[in-house]
1. G73 is checked against (1) surrounded by fewer than 23 Cβ atoms within 10 Å (Cβ to Cβ); (2) among the small types (G, A, S); (3) over 30 Å from P318 (Cα atoms) and fails just one. What number does that condition carry?
2. Can you confirm whether region 285-292 contains a residue that is touching a residue at least 60 places away in the same chain (Cβ under 8 Å), within 27 Å of L156 (Cβ to Cβ) and either of a type in the set (A, V, I, L, M) or surrounded by fewer than 24 Cβ atoms within 10 Å (Cβ to Cβ) (or both)?
3. Looking at G282, G320, G336, which one is in contact with a strand residue (DSSP E or B) (Cβ under 7 Å, 6 or more places away or on another chain), within 23 Å of W249 (Cα to Cα) and at pLDDT 95 or above?
4. Anything in region 192-208 that is buried (at least 18 other Cβ atoms within 10 Å of the Cβ) and either farther than 16 Å from G256 by Cβ or hydrophobic (A, V, I, L, M, F, W, C) (or both)? List them, or say none.
5. Among residues belonging to region 40-70 that are surrounded by 13 or more Cβ atoms within 10 Å (Cβ to Cβ) and aliphatic (A, V, I, L, M), point out the one that is farthest from E375 (Cα to Cα).
6. Among the listed residues A113, A109, A100, identify the single one that is in the same structural domain as L203 (by TED's automatic domain parsing), surrounded by 18 or more Cβ atoms within 10 Å (Cβ to Cβ) and assigned to a strand (DSSP E or B).
7. Do the conditions hold for T150, that is, is it modelled with pLDDT of 95 or more, more than 30 Å from R299 (Cα to Cα) and not hydrophobic (A, V, I, L, M, F, W, C)?
8. Within region 161-190, how many residues are among the acidic types (D, E) and assigned to a loop (DSSP other than H, G, I, E, B)?
Amino acid sequence: MPDLTFDFSALISDRARAIDVSGIRRVFELGAKLDDPINLSIGQPDFPVPEPIKRATVDAIGADRNGYTLTQGAPELLAAVGRRLAEDVGWSLSSPELGAMITSGTSGAIMLACLAVLNPGDEVIIPDPYFVIYPALGGISGARVISCDTYPDFRLTAERVAPLITERTKMLIVNSPGNPSGVVLTGEDLRALATLCEERGILLVSDEIYDEFTYPESREDGRCPSPARFSRNLLLVRGFGKTYGCTGWRLGFAAGPAAIIQQMAKLQQYTFVCAPSMAQVGVADAYAVDMSDHVERYRRRRDLVVDALADVTSLVHPGGAFYAFFEVPPDLGLSGTELVERAIERNVLVIPGGVFSERDTHVRLSYAAPEAKLEVGLDVLRDLLGA
């Protein structure tokens, strides 16, 4: 074949160019060069998938549940989600106004929601700091992403959001318990956001991927606070990966107005097709598995982190998830990225705050790591922070 020079970069779309590679991936690449690093960077549980869920999934494969499911999900899993929603937020999926669908992770649900609702030039409001995919949703959908500054307490409130709403605003994303901060909003915070969105005709998307990782002091009536208890005019997004340690199975769900769910399902039909079939069957009875011991273990790790860092940095108390988002003391004269680079030199992996924010003043630590390694990593970070 002739040796032709072809500039493939000229074919890349503006959509792809508008999205940067995640800063988390860069840290992972640096970590791959280290020998047995103290990895406090990864946002996934360090416990195995519970045995009943493993067995159910293997049984599903053996029973030839390996083909496509319905686009909206396997019937048994949709039924389980319906029961859960009825118990937890009082929604009945038998109502014609409500619908639900199983998605390829919660990220898949949020992306489908944006594609179903947002047109180029529309606006979506997100909190800052944010989960890393939120800014990329603008490049994917063509919408404009508006960041709501929530520093220093990381609380997305109606008072902070209201001034950002324009005639182009169509969506608000709230993430509680939050990544990277671990902050849990109160029921009253969420009620106010739901009311504001209803009054202004905006779709509230409540990303509750860490709902089970809500620690006792942040629970209300024993549950993770949710705006879905105050309104049905929103999209509720939850998942199975964080709760049951099966992040790679890519399983989430979205529930809310049937008109929105129908359009998301149509888009899923032509993109993801369906979430992995055997995994859907495998988690159909997952809600019967008691994860409270794991959550309690993570609460104790949270306390370990707070105790280690509270006297050397500014740290907002994490009420949920499994992250701490701490400030680099200004008198150190370092950015979050520079502190992370120094930590990597000492074999500790954490993520710079600039990955999750328009500021690079903080660092995210994940305590989804064995206690022995966590303690070593905390000692290093205390030293770097000037203890």
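1. Result: G73 passes all but (1).
2. yes
3. Result of the check over G282, G320, G336: G320.
4. Quick first cut of region 192-208, residues buried (at least 18 other Cβ atoms within 10 Å of the Cβ) only: 192-194, 196-197, 202-208.
Result: A192, L193, A194, L196, C197, I202, L203, L204, V205.
5. Within region 40-70, the first condition is being surrounded by 13 or more Cβ atoms within 10 Å (Cβ to Cβ), and the residues that meet it are 40-47, 49-50, 52-54, 56-57, 59-61, 65, 69-70.
Subset that is aliphatic (A, V, I, L, M): 40, 42, 49, 53, 56, 60-61, 70.
On the way: L40: 11, I42: 16, V49: 25, I53: 31, A56: 36, A60: 40, I61: 40, L70: 46 Å.
The extreme case among them is L70.
6. A100
7. Values: modelled with pLDDT of 95 or more: yes; more than 30 Å from R299 (Cα to Cα): no; not hydrophobic (A, V, I, L, M, F, W, C): yes.
Taking the combined requirement at face value, the residue does not satisfy it.
8. Qualifying residue count, region 161-190: 1.
The values are calculated or read from the model by the stated rules, or taken from the named source; none is laboratory data. Please read these numbers as outputs of a predicted model, since none were measured by experiment. Positions of Cβ are backbone-derived with ideal geometry, glycine not excepted, and every protein chain shown enters the neighbour counts.
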